[in-house]
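All remarks here apply to the structure that follows.
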Amino acid sequence: MDIAKIKTALQDLITRLKDAEDGFDTIADHTEDKTLAKWCRSFAADRHNMHLELQELSESLGGDPEVSSTVLGQMHKMFINFKLNFVDSDIPGLVEEIERGAKVLIKDYEKALKDVEMPTNIVSKLISQKTTVEVELQRLLDLKKEYTRPKT
């Protein structure tokens, strides 16, 4: 096993999780939709706990993970801010952005699991976190149906 590759894979996931956490917090702080804000607070807390778990794993391998957002994450946050500031009524659009981000995160987990040989404890943690994101995505898709259901 290549410890450097493991630490890099964990760092990539930590960064992605931090981007997601920041995005969820932004939506929760600025949307007037209480249901969406509640979901985003829950998802942000999950992403925060996930990146802390991965940070601990990286540190156990001698890593010193950096917990910060990426430029892409900051651009995505600006896009979300734009939607929140100018089209807050576009809740389905915000939900679609969250959905898109969750799908990217799932692919990131799959890539790390496929491309990097890791100890079983790390593999188990990544599978568990990926499953959490998949379950949350399904819940989000259910919420999306509520927002896009025709009003009668």
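The values are calculated or read from the model by the stated rules, or taken from the named source; none is laboratory data. Computed from a prediction, not measured in an experiment: that's the story for all the values here. All Cβ positions, even for glycine, are placed from backbone atoms using ideal geometry, and neighbour counts span all protein chains on display.
Cβ separations smaller than 7 Å between residues 6+ apart or across chains give the following pairs from the range 28-40 residues that are under 16 Å from Glu99 (Cβ atoms) to residues that are of a type outside the set (A, V, I, L, M, F, W, C) and not in a helix (DSSP H, G or I): Thr31/Asp88. Within the range 118-152, take every residue that is surrounded by fewer than 12 Cβ atoms within 10 Å (Cβ to Cβ) and among the charged types (D, E, K, R) and give me the one that is farthest from Thr35 (Cα to Cα). Ranking the qualifying residues of the range 118-152, first place goes to Lys151. The C-beta contact set for the range 129-140 (first residue assigned to a helix (DSSP H, G or I), second residue of a type in the set (Gly, Ala, Ser) and surrounded by 15 or more Cβ atoms within 10 Å (Cβ to Cβ), distance under 7 angstrom, 6+ apart or interchain) comprises Val133/Ala102; Glu136/Ala102; Leu137/Ala102; Leu140/Ala102. Considering each residue of the range 18-60, count those that are over 26 Å from Ile6 (Cβ atoms), of a type in the set (S, T, N, Q) and surrounded by 18 or more Cβ atoms within 10 Å (Cβ to Cβ), and give that number. The qualifying residues number 2.
Each residue in the range 1-41 was checked for being assigned to a loop (DSSP other than H, G, I, E, B) and either at pLDDT 90 or above or closer than 11 Å to Ser58 by Cα (or both), and 1 of them qualify.
Among the residues making up the range 113-152, those that are closer than 18 Å to Lys5 by Cβ and touching a Lys or Arg at 6+ places or on another chain (Cβ under 9 Å) are Leu113, Asp115, Val116, Glu117, Met118. In the range 41-51, how many residues are among the aromatic types (Phe, Trp, Tyr) and without any contact (Cβ under 8 Å) to a residue 60 or more places away in the chain? Matching residues across the range 41-51 total 0. Pairing each residue of the range 95-109 that is within 21 Å of Lys34 (Cα to Cα) with any residue that is at pLDDT 95 or above and surrounded by 19 or more Cβ atoms within 10 Å (Cβ to Cβ), provided the two are 6+ apart or on different chains, yields C-beta distances under 7 Å for Ala102/Val133. In the range 124-141, the count of residues that are closer than 25 Å to Thr31 by Cα, polar (S, T, N, Q) and at pLDDT 85 or above is one or more.
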